[in-house]
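Worksheet for the structure shown next.
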Amino acid sequence: MKKIAKYLTAFLSALMLICASVLVGCSSAPSVVSIEKTGTRGTDGIYTITYSDGSTSELVIDGGADGQDVSASDLWQTYVQETGEDISYEEFLEKYLTIESGDNSAAIGETLLSSLKVYAEFVEESRSGFLRYEDTAVYTGGGVIYSMDDENTYILTNYHVVYNSNASSGNANENGEKIARKIVCYLYGSESDPSRTNSRDEDGYTVIDYGSYSIECDYVGGSVNSDIAVLRADTDDVKAINSQAQAVTVADGYSVGDAAYTIGNPEGEGISVTEGIISVADEYISLNIDGTLRQYRSIRIDTPLYQGNSGGGLFNTDGELIGIANAGNSTEENINYAIPLPIVTGTADNIIYYYEDGDDATNGVYKIDFVEESALVSQNSVYEYDAQSGAGSISEDVVLGTGSVSGLSEEFGLATGDIIRSFIIGRDGENVEYEIDRTFDISDLLYILRPDDTLTVKYERDGREDLTTSAISLQASDFAAVA
């Protein structure tokens, strides 16, 4: 702060001149959309201010050549110091630096290159009067292109899109009786709808015509606990339909209040966009996908969702992926849910790793047994707001509860009452430290561990902070398949 403050005063003086008319009534004056460092002149920094009416002005700041971009928070703090006015950060933004929400159609337009609708074909039992018979049935959802290389295109959707608890014995295939026996995708702008034909396959089931735009996909693996499934298509097949098709960009994170929009296939009527905000960052809901009622950590959104939105991407206004839509509340309007980003990426990367590991015996999700998440205790939970970023988050002490020490946590020498502070994961000679701020952070991190990684735990015991365990080298035998 000290480095930048010496020339913020000059910047602020210019800003106050610019906003002089705003002080008595900002409704008629253009607001500041952005303040960006755009160049240098000797030892001075050149900043460009862009206004909501499209106009710009240039500001030269003495001694700012090697400084950082000026943030709205910097301006607010300097304003309070210089004027003595008792004004909150939010009031300052509203009066002087209201950021226009702008038109995010460009970001939405680009995400459409990564969006698909997914059709899953099953054999299930039907009834006509007293007659029971088996025949093909097709269900739909959304999907996103997660990654692409010259050979493979990996696609994400919900597990419940490609799983059908009502599938009959005639649906049996190499992926299991309840997984779709055929999966096809359509890119946005190259869509068609499956149609039933009068033909029968060799097993006597109705043949579905998916049309020339369809892209046939393999089932790579899935997790009912995460409600995530990974599909694979040949990149050549995808590019043959649209050479501009691309993988999504993954966000760094998200906060309550962020705008969020989904792209899915509601009611099977084609890919479409709905928009809302993130209402709750982490909430647990109950879902029954395979006959077992499970708790799922979810993002609550007020973004409208409909049948067929499942599996579609949840994006921020920059067009970055922040989750996968998967559930709605049928009794409350506009209370809907998406799978949080750490679960999406952790599950997907885990599935793809074991698909590509060269071992046909490994398929799905594998994790180490560190400790049961239900045995972890939250203490000192608090919400903290960062004025500079304009976002906040909840943090808590994650404590090993009574009887919770098992698995590798016992091998590490951890004990009941220890506060877990961080994991240090070593891979390919590089160590990365991940802070543990919520109880579910541990479960999320278990998705990213791999055989041959090293794991070290930092913890606190009896008031002694920054205690560190010895590193354990993880072996393939430490990992077990999870649902």
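Below is a table of values for the structure above.
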| quantity | calculated |
| --- | --- |
| Single condition residue 245 does not satisfy, out of (1) open to solvent by 60 Å² or more (accessible area, probe 1.4 Å); (2) of a type in the set (A, V, I, L, M); (3) within 25 Å of the chain's Cα centre (by Cα) | (1) |
| Positions within region 425-460 being under 20 Å from residue 344 (Cα atoms) and among the charged types (D, E, K, R), in sequence order | 435, 437, 438, 441, 444, 450 |
| Residue in region 123-131 that is within 30 Å of residue 356 (Cβ to Cβ), of a type outside the set (Lys, Arg), open to solvent by less than 40 Å² (accessible area, probe 1.4 Å) and out of contact with any Phe, Trp or Tyr (no Cβ under 8 Å at 6 or more places or on another chain) present | no |
| Among the candidates 271, 289, 278, 285, residue that is in contact with an Asp or Glu (Cβ under 7 Å, 6 or more places away or on another chain), under 25 Å from residue 374 (Cα atoms) and either free of Cβ contacts under 8 Å to residues at least 24 places away in the same chain or not small (Gly, Ala, Ser) (or both) | 289 |
| Filtered residue count, region 441-483, keeping only those that are in a strand (DSSP E or B) and aliphatic (A, V, I, L, M) | 7 |
| Qualifying residue in region 74-81 (condition: open to solvent by less than 30 Å² (accessible area, probe 1.4 Å), at pLDDT below 70, polar (S, T, N, Q) and more than 35 Å from the chain's Cα centre (by Cα)) | yes |
| Filtered residues of region 428-440 (kept if in contact with a Ser or Thr (Cβ under 7 Å, 6 or more places away or on another chain), open to solvent by less than 90 Å² (accessible area, probe 1.4 Å) and in a strand (DSSP E or B)) | 434 |
| Any hit, region 162-173, residues being touching a Leu at 6+ places or on another chain (Cβ under 9 Å) and closer than 30 Å to residue 285 by Cα | yes |
| For residue 348: the one exception among (1) open to solvent by 20 Å² or more (accessible area, probe 1.4 Å); (2) touching a strand residue (DSSP E or B) at 6+ places or on another chain (Cβ under 9 Å) | (1) |
| One residue from 126, 115 being farther than 20 Å from residue 338 by Cα and touching a strand residue (DSSP E or B) at 6+ places or on another chain (Cβ under 9 Å) | 126 |
| Matching residues, region 261-280, being touching a Pro at 6+ places or on another chain (Cβ under 9 Å), assigned to a strand (DSSP E or B), modelled with pLDDT under 90 and under 23 Å from residue 194 (Cβ atoms) | 272 |
| Complete set of residues in region 288-327 that are surrounded by fewer than 17 Cβ atoms within 10 Å (Cβ to Cβ), of a type in the set (Asp, Glu) and closer than 20 Å to residue 105 by Cβ | 318 |
| Of residues in region 389-407 being surrounded by fewer than 18 Cβ atoms within 10 Å (Cβ to Cβ) and aliphatic (A, V, I, L, M), the one nearest to residue 252 (Cα to Cα) | 391 |
| Whichever residue in region 359-388 is among the hydroxyl-bearing types (Ser, Thr, Tyr) and in contact with a strand residue (DSSP E or B) (Cβ under 9 Å, 6 or more places away or on another chain) and, among such residues, is most open to solvent (accessible area, probe 1.4 Å) | 383 |
| Complete set of residues in region 216-240 that are among the small types (Gly, Ala, Ser) and either touching a Leu at 6+ places or on another chain (Cβ under 9 Å) or crowded, with 18+ Cβ neighbours inside 10 Å (or both) | 221, 222, 223, 226, 229, 233 |
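The values are calculated or read from the model by the stated rules, or taken from the named source; none is laboratory data. Predicted, not measured: the structure shown is a model, and the values here were computed from it. Positions of Cβ are backbone-derived with ideal geometry, glycine not excepted, and every protein chain shown enters the neighbour counts. Note: areas computed on protein heavy atoms with side chains; ligands, DNA, RNA excluded. Shrake-Rupley method; radii C 1.70, N 1.55, O 1.52, S 1.80 Å.
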